[in-house]
Amino acid sequence: MDACLVMTTILNPAEVDKEAHNLDLTRVYPLEFYEATLLGSNPKDLEGKFDLVSKRLGTDAQYEGFNFSHSTTDIAAGPKNSAYKTLETMVDKMDAQLELARMIRAVDEQDVAERSSTLTSCRSDRHLHAFSKQKVRCVKCGAKYRRPPLKETCPKCGGRMILTVHEGSVRKYLEVSIKVAEEYGVSSYTKQRLQLLKIEINSLFKNDKAKQTGLADFM
């Protein structure tokens with residue numbers, strides 16, 4: 001996912017991700033910044049007080065003279081493995097994020113839960129859309145087909161065909177989103193959106209024909 005697609009010998013700061021342009025290069029934060037934190041001011045209202053990369057684009061200063069607020073003896077110091085890697089399941093990752101939100105007084109944990117549930121539901125929705133329009137791939141030669149061949153093997157080499165998007169990737173974020181929504185009391189709209197998404201996913205993956213029923217189920 002993070003593999004380089006393009007290699008270049010010339011670095012043009014204007015061509016990198018715009019998030020990098022928000023990096024502040026101020027050596028000492030002004031007093032107005034700390035006063036604004038007490039008032040809960042919008043960060044954009046203070047952009048004029050900071051030296052940002054975006055202000056240097058197109059000049060020689062975009063390559064040099066970058067200041068920083070805190071020194072370090074080793075720029076590579078810190079944890080070798082992030083919590084995202086050490087925590088195994090999505091539930092563990094979400095619990096750790098929300099536990100940190102509880103500990104920080106400046107953070108509204110309910111708002112974090114609301115945003116997280118909305119974001120993860122969007123991911124499940126995208127994966128569900130991708131599943132419904134996916135291709136099939138041959139494990140032997142790598143050939144991809146828009147529709148599964150009728151003989152269930154690759155027309156080119158006879159290899160086994162598999163899906164490119166699996167059920168696990170669709171359901172990956174759903175259950176943790178529902179769990180967080182219930183525990184932190186997010187809005188009714190978000191809860192209903194998650195429930196509708198769950199119904200849609202179940203309707204796609206659950207096989208009603210294989211479900212064992214009794215006579216009482218129809219009474």
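The values are calculated or read from the model by the stated rules, or taken from the named source; none is laboratory data. On a predicted model such as this, the values are computed, not experimentally measured, just so you know. As a convention, Cβ positions derive from the backbone with ideal geometry for all residues, glycine included, and neighbour counts pool all protein chains shown. Each accessible area value is taken on the protein alone, full model and side chains, heavy atoms only, with ligands, DNA and RNA left out. Shrake-Rupley method; radii C 1.70, N 1.55, O 1.52, S 1.80 Å.
Under a point-charge model restricted to the Cβ atoms of Lys and Arg (+1) and Asp and Glu (-1), what is the dipole moment magnitude of the range 30-149 relative to its Cα centre, in debye to the nearest 20?
Working: 19 positive and 17 negative charges, 309 e Å.
Here the range 30-149 has a charge dipole of around 1480 debye.
Which label belongs to the value computed from this structure, given these candidates for percent of Cα pairs over 28 Å apart: (1) 34; (2) 45; (3) 60?
(3)
Taking only protein heavy atoms and a 1.4 Å probe, what accessible area per residue, in Å², does the chain have with all protein chains in place? Mind dumping the intermediate values first?
Numbers: 17030 Å² over 219 residues.
Ligands and nucleic acids excluded, the figure is 78 Å² per residue.
Just from its helices, what would the mean residue ellipticity at 222 nm be for the chain, if runs of 4 or more DSSP H residues each count -39500 (n - 2.57) and the sum is divided by every residue, rounded to the nearest 500 deg cm²/dmol? It would help to have the intermediate numbers written out before the result.
Values: 7 runs with 85 residues, N = 219.
That calculation yields -12000 deg cm²/dmol at 222 nm.
Which net charge results for the neighbourhood of TYR29, defined as the other residues with beta-carbon distances under 12 angstrom from its beta-carbon, given Lys and Arg at +1 and Asp and Glu at -1?
For residues surrounding TYR29, the net value is -2.
Give the cross-link partners of LYS55 among the lysines, using a straight C-alpha distance below 20 Å as the criterion and excluding same-chain residues fewer than 8 apart.
List returned: LYS18, LYS44.
For the chain, which whole-number percentage of the solvent-accessible area (1.4 Å probe, protein heavy atoms only) is attributable to carbon and sulfur atoms? If you can, show how the numbers build up before the last one.
On the way: 9350 of 17030 Å².
Here carbon and sulfur together make up 55 percent of the probe-accessible area.
Using alpha carbons only, what's the Rg to Rh ratio of the range 124-170 with Rh from Kirkwood?
Values: Rg = 11.3 Å, Rh = 11.0 Å.
Result: Rg/Rh = 1.03.
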